Amino acid sequence: MKAKLSLLVVVLLTFLGGYTIGSASVEPYQVVINGNPSKLKVGHDKDSLIVPLALPVTSDQEDWNISLLRDDKAHKLDVKMTSVKRKLRGDTDCYYCAATGNCTQDYPAGSGVNYAGACEYICSGTGKCVHCGGTGKL
Ligand SMILES: [Zn+2]
Ligand SMILES: [Zn+2]
């Protein structure tokens, strides 16, 4: 009886292991935004990944450069997003985050999660201030 039980456990483990490998397409992707690991959860639509990115808009017209690098093997999504205008700005302290570079919408600030422990979407789960990109400077 005891031997039978441990065999069942082994079979179950094999099944679970196989299942994880077989369902690679629904494995969560690690999203990295401008080099910062994010807690964002990526949506799936057939073979497309849906990435909910937050873009702060502070003036009449905003131009963003966004490039995405999808690595299916590593289950990684590398996102580079920069405000075109931001590059032209000066070197003043960021007043949104008091120059800390941390996202003030997070709890605690800069953690990438909200008070409920879920991904905080203003900073796309990176914990970095979206206005200065975590640099503390505008
Ligand atoms: Zn945040
Ligand atoms: Zn800031």
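Every number here is computed from the coordinates shown, using simple stated rules; none is lab data. Quick caveat, the model's predicted, so the values are computed rather than measured. Don't worry about glycine lacking a Cβ; one is built from the backbone with ideal geometry, like all the others, and counts go over all protein chains shown.
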Distance (nanometres) between label positions extended 7 Å along Cα→Cβ at Ser48 and Lys73: 2.7
Within the stretch 57-113, DSSP-loop trypsin sites (Lys or Arg not before Pro) with at most 15 other C-beta atoms within 10 Å are Lys73, Arg89
